[in-house]
Amino acid sequence: MDTERWLLPEGIDEVLPPQTRALEQVRRAVLDLFHSWGYDLVIPPFIEYLDSLLTGTGSDLDLQTFKLTDQLSGRLMGVRADMTPQVARIDAHRLRRDEPVRLCYLGTVLRTRAEGANASRSPMQVGAELYGHSGADSDVEVIRLMLEMLHVVGITQEVHLDLGHVGIFRGLARHAGLTAQQEADLFDALQRKARAEINDLVGSIADLQAKDMLAQLIDLNGDAEVLVQARAVLRSAPRTVHDALDNLERIAGLLQRGSAASTSAATAHSGATRHPHNPCAMYFDLAELRGYQYQTGVVFAAYVPGHGQEVARGGRYDDIGKVFGRARPATGFSADLKTLIALGTRAEVPVRGIYAPAIDDSTLNATVMRLRQSGERVVCGLAGQAGNARAMSCDRVLQRQGNEWVVLQEEA
């Protein structure tokens, strides 16, 4: 049918007015937020040579990346499916600074498959990355920034912050002597919470303590008491596992103390009982290993009630810049701006404009120019057009009074 030629591919969407105006307002608010925290905006290319785009940690994106041949060089190119490796390349190869570097980004990515039901294959990815610092302070900063971003976009539901640490499973797997395939199979079963499959996979481990600790990972989830429980369950684990628990406890403690301080300050200032910096409910899941192939430390995700998928996620990935010449410590987060807007309740600024009649008049033209220079939106009528000022989204009109053109309120 002729109408089918206008259909968009599955998972590919477009944004129309007035949603476009809402998206632009939120985009500007988010970038202004990042700027106020000291994060500099970068704009990576939409397409790169494949061997650069998928180098190192980017190789996990291979199945998600659309590929094509460059007609100039004959080399394979890829359309970016995730901007995080690109920003790491910019820090490691282009900026090459020794001090901490804060970068942010916002742009469309393209994926061969959607992540989750009804998800877009062309999300507008927004994120922030902090390079050059390996302590818990930088992890806490990006988590707080992520939570503040959710407030800025208008998400008013209670946010649930899910925290984990890949060093726990990684340390236990090494301690148990798992092969790469065994580790990959167990990782997959843990993500699916497949208890029977997990028990079968750990059954061949000779070390009974290592077997028991890996089998119990699936149950180490819940509130802060989980960290106390983990200390007991994993007491015979190697030092690296306890270091990971120490790191997770420190991050959680800093978030809680920062939340309490922010709430107290907000209450003292305005009588409010809740503050946007409040991380809300923290939930720990020591078997949650999102981004396991490239994450090196804490992993986190934000959820809101009524939405099955995370609305933002991130973590620490200290080795990401190694293939670009500098293995700088790194931590950050990303989200889909279009998803955030759909979930947010941020009030849309109404469109206001001035309608100028379709008259060839030098005084009218000068008035239109002056109004536009002052920041007004002026829509000029066209001879014989359909629709009045209201149809052109204008709440005011230009009318002649004597030798001047004046702005008057449009009658409803």
- Query: Can you give the helix-only mean residue ellipticity at 222 nm for the chain, where every DSSP H stretch with n ≥ 4 adds -39500 (n - 2.57) and the sum goes over all residues, rounded to the nearest 500 deg cm²/dmol?
  - Reply: -11000 deg cm²/dmol
- With Cα coordinates, the longest principal axis of the chain makes an angle with the long axis of helix 19-36, in degrees rounded to 10, of 60 degrees
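Given a 1.4 angstrom probe, I'd like the percentage of the accessible area of the chain that is carbon and sulfur, rounded to a whole number. Intermediate results must be reported in sequence, preceding the final value.
Details: 10780 of 20720 Å².
Ligands and nucleic acids excluded, carbon and sulfur give 52 percent.
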- Message: Computed from the coordinates I sent, Cα extents along the principal axes in Å equals one of (1) 65, 64, 47; (2) 59, 57, 37; (3) 96, 64, 48. Tell me the label.
- Response: (3)
- For the chain, what is the accessible area per residue in Å² when the probe is 1.4 Å? 50 Å²
- Relative to the longest principal axis of the C-alpha atoms of the chain, give the angle of the C-alpha long axis of helix 180-191, reported between 0 and 90° and rounded to the nearest 10°. 60 degrees
- Query: In nm, to one decimal, how far is the modelled label at E4 from the one at T240, with both set 7 Å along Cα→Cβ?
  - Reply: 5.4 nm
- Convex hull over the Cα atoms of segment 1-86, averaged projected area in nm²? 9.0 nm²
- Bridge type composition, the chain - antiparallel percent by DSSP, nearest 5: 80 percent
- Task: At a Cα cut-off below 19 Å, give the lysines reachable from K211, other chains included and same-chain residues fewer than 8 away excluded.
- Result: K193
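In cubic angstrom, how much convex hull volume per residue do the alpha carbon atoms of segment 132-222 span?
Values: hull volume 13.2 nm³, N = 91.
For segment 132-222, the hull spanned by Cα atoms encloses 145 Å³ per residue.
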- Message: Angle check, please: helix 136-152 long axis (alpha carbons) against the longest principal axis of the chain (alpha carbons), in degrees 0 to 90, nearest 10.
- Response: 40 degrees
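The values are calculated or read from the model by the stated rules, or taken from the named source; none is laboratory data. The shown structure was predicted, so the numbers you read here are calculated from the model rather than taken from an experiment. Neighbour counts are summed over all protein chains in view; Cβ atoms, including those assigned to glycine, are modelled from backbone coordinates with ideal geometry. What goes into the accessible areas is simple: the full protein's heavy atoms, side chains included, and nothing from ligands, DNA or RNA. Shrake-Rupley method; radii C 1.70, N 1.55, O 1.52, S 1.80 Å.
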